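Everything on this sheet refers to the single structure shown next.
The values are calculated or read from the model by the stated rules, or taken from the named source; none is laboratory data. Given the structure is predicted, the values throughout are model-derived calculations rather than measurements. Counting neighbours? That spans all protein chains shown, and the Cβs are built from the backbone with ideal geometry, glycine included.
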Amino acid sequence: MLPIPFRLIKNYKEHESCYQHLDRLLMIRKRTEEEQDEVDILYVLLEHFERKHFPNMGKLPQSRIADLMKRENMKPADLARLLGMSRGYISDLLNGKKEFSKRVIQKLALHFNIRQEDLN
């Protein structure tokens, strides 16, 4: 993958483009050091833009979990079994009504073979 020039995100179109690139990188199970560096930089750039433009945005992107579940053909009931929680509680987590605990993030990172930081 060719390195992309990094600069501050200036508008919503660039914001969406960065998320799409980040999503592609996060789907790689064994990232190279260069790919992981890109992930880290994109998180910093996205966080900077979102703090300014989305001050009330939640800390955990539930859409990331949904994308990972989709990749593995998981349903909320499968996630409930994996985490040992009720389907209702999982629904609340995925809909942003409840926050993900550190323990849940650890289990998800282990199951999806990603870093915990990828879910924060």
Search result, residues across segment 92-120 that are over 26 Å from K30 (Cα atoms) and out of contact with any Lys or Arg (no Cβ under 8 Å at 6 or more places or on another chain): L93, N95, G96, K97, K98
Take L110 and decide whether it is modelled with pLDDT of 85 or more, among the hydrophobic types (A, V, I, L, M, F, W, C) and either on the phi < 0 side of the Ramachandran plot or not assigned by TED's automatic domain parsing to the domain that holds C18 (or both). yes
In segment 1-81, which helices (runs of 4 or more DSSP H) lie fully inside it and hold 3 or more residues that are over 17 Å from L119 (Cβ atoms) and at pLDDT below 90? 12-26, 33-53
Subset of segment 92-101 (residues that are touching a residue at least 12 places away in the same chain (Cβ under 8 Å) and exposed (fewer than 15 other Cβ atoms within 10 Å of the Cβ)): N95, G96, E99
Answer residue from segment 16-48, given it is acidic (D, E) and within 12 Å of F6 (Cβ to Cβ) and is surrounded by the most Cβ atoms within 10 Å (Cβ to Cβ) among those: E38
Of the residues that make up segment 67-78, is at least one within 11 Å of the chain's Cα centre (by Cα) and within 21 Å of Y43 (Cβ to Cβ)? yes
